[in-house]
Amino acid sequence: MPDQSLRVALVTRNLEMGGAEHHIVKLCNAIPRSQVEFSLFLLVQDGPNDWLPELAAHVPVAISPYTRHDPRVIKWLADSLRASRAQVVHSFLWSADAIAALASALAHVPLICSERGDRGYAGPYAEGGLFDRYDRWVTFRLADRFSPNSNFGARLIEKRGYDPAKVQVIYNGVEIEQIDAAAPANLRRQLGWAAGTPIVGTVCSLVKRKSVDTLIRAVARLLETQRLYCAIIGDGPERPSLQRLASDLGIDGQVAFLGQHVPAYPFTKALDIAVLATNQPTEMCSNSILEYMACSKPVVATRIAGNPELVVDGETGLLVEPDDVAGLAQAIAVLSADPAGARLMGARGRARIERSFRMEHIAAQHLALWRQVAAG
């Protein structure tokens with residue numbers, strides 16, 4: 001098996017702008033065709049596919065002819081798996097796990113499921129909720145293995161009843177060469193910001209769970225006693241309300257909403273302090289945090305879900321409690337008052353990325369898991 005090209009089917013809803021979707025694309029791009037023949041199956045006909053242009057040209061993509069919640073997608077996927085002669089299926093995100101569990105059983109192909117944040121949501125995803133019950137009755141019984149991208153995620157599915165002996169944690173990876181090749185954006189020149197004034201910022205989707213409002217409130221508090229700027233890179237449904245908040249607080253001149261950029265590396269490199277203020281346990285292995293560290297930036301992140309597995313508190317950054325405006329402001333103040341210490345934290349974060357999170361190392365772990373499951 002190790003000397004043969006392995007046929008791997010990757011399954012997810014779509015390739016919208018999300019961490020799991022980006023990880024799929026990076027996997028396809030990192031592993032040569034001589035080792036793996038990928039097939040990518042997208043389960044929603046009308047879903048956004050923002051990452052599709054970044055996918056390696058040799059990877060075939062099949063998009064379901066059905067819209068969301070149409071049960072016929074199960075048979076479509078089973079037939080597609082047979083046609084592709086897949087030796088192993090790897091699904092990403094809860095709905096893909098749920099559908100792939102049934103389809104892979106029909107096609108008699110071994111299945112690896114994932115835990116990448118969905119099960120951290122409340123409502124039907126919460127313990128005892130409808131989707132949790134589906135996991136226990138169907139997905140957990142049919143999945144040959146689970147591959148969460150954090151120890152937090154592993155504990156979550158084990159607590160809900162999945163066999164811990166069949167769980168293997170594989171973190172997300174970072175494409176260091178691409179990051180190093182990106183030239184930093186000159187935000188001070190572009191925005192007319194004063195030289196030498198710290199820039200704090202975040203790269204994330206502008207949705208409620210990212211708690212960007214907490215960052216804006218923290219910046220407003222800091223501006224009462226010091227000068228700094230805030231760059232918000234990303235887009236989403238919360239953008240209008242966040243812009244109103246900055247205006248209401250009287251700091252819209254110090255906060256810039258820069259929109260979505262792919263890749264965001266040039267903007268990350270322009271920051272002095274990088275923040276992720278997530279307030280829900282859905283952040284299993286944040287790509288933003290990994291990319292902050294790869295860009296040698298000190299990180300301020302919330303002490304929630306998988307964040308503490310990435311940010312070593314006091315060494316590569318600082319951890320604060322979710323929704324704690326005062327705590328976030330204090331952490332930013334500490335780093336902005338000690339630029340040399342902040343740079344040292346950034347350098348330690350970069351070294352941690354090189355040791356443990358290079359994409360080629362993460363891809364090799366996936367390849368070993370796929371071969372093991374296919375052989376077994």
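Numbers at a glance
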read-out	value
Every residue from the range 52-66 that is farther than 16 Å from ALA98 by Cβ and either surrounded by 10 or more Cβ atoms within 10 Å (Cβ to Cβ) or of a type in the set (S, T, N, Q) (or both)	LEU52, GLU54, LEU55, ALA56, HIS58, VAL59, PRO60, VAL61, ALA62, ILE63, PRO65
Residue in the range 202-212 that is aliphatic (A, V, I, L, M), closer than 13 Å to VAL325 by Cβ, surrounded by 22 or more Cβ atoms within 10 Å (Cβ to Cβ) and assigned by TED's automatic domain parsing to the domain that holds PHE267 present	yes
Subset of the range 318-375 [polar (S, T, N, Q), surrounded by fewer than 18 Cβ atoms within 10 Å (Cβ to Cβ) and either under 25 Å from LEU223 (Cα atoms) or touching a Cys at 6+ places or on another chain (Cβ under 8 Å) (or both)]	GLN330
Count of residues meeting criterion [buried (at least 17 other Cβ atoms within 10 Å of the Cβ) and within 27 Å of SER205 (Cα to Cα)] in the range 30-46	6
Residues of the range 45-86 satisfying the condition of being part of a loop (DSSP other than H, G, I, E, B) and under 30 Å from GLN178 (Cα atoms)	GLY47, PRO48, ASN49, ASP50, TRP51, LEU55, ALA56, ALA57, HIS58, VAL59, PRO60
The range 246-257, residues that are under 26 Å from the mean Cα position of the chain (by Cα) and either surrounded by fewer than 19 Cβ atoms within 10 Å (Cβ to Cβ) or small (Gly, Ala, Ser) (or both)	ALA256, PHE257
Considering residues of the range 7-35 that are out of contact with any His (no Cβ under 9 Å at 6 or more places or on another chain) and in a strand (DSSP E or B) only, the residue farthest from HIS366 (Cα to Cα)	THR12
Residue within the range 119-140 that is modelled with pLDDT of 95 or more, under 29 Å from ILE362 (Cα atoms) and among the small types (Gly, Ala, Ser) present	no
Residues being surrounded by 23 or more Cβ atoms within 10 Å (Cβ to Cβ) and without any contact (Cβ under 8 Å) to a residue 24 or more places away in the chain - total across the range 106-161	0
Verdict on ASN307 being farther than 29 Å from ARG145 by Cβ, at pLDDT 95 or above and assigned by TED's automatic domain parsing to the domain that holds GLU224	no
Answer residue from the range 187-233, given it is among the hydrophobic types (A, V, I, L, M, F, W, C) and more than 26 Å from the chain's Cα centre (by Cα) and is nearest to ALA342 (Cα to Cα) among those	LEU228
Residue pairs meeting the criteria (Cβ under 6 Å; at least 6 apart or on separate chains; first assigned by TED's automatic domain parsing to the domain that holds ALA86, in the range 61-72; second part of a strand (DSSP E or B) and modelled with pLDDT of 95 or more)	VAL61/LEU40; ALA62/PHE41; ILE63/LEU42
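The values are calculated or read from the model by the stated rules, or taken from the named source; none is laboratory data. Just so you know, these numbers come straight off a predicted model, no measurement behind them. Cβ: placed from backbone, ideal geometry, glycine included. Neighbour counts: every protein chain shown.
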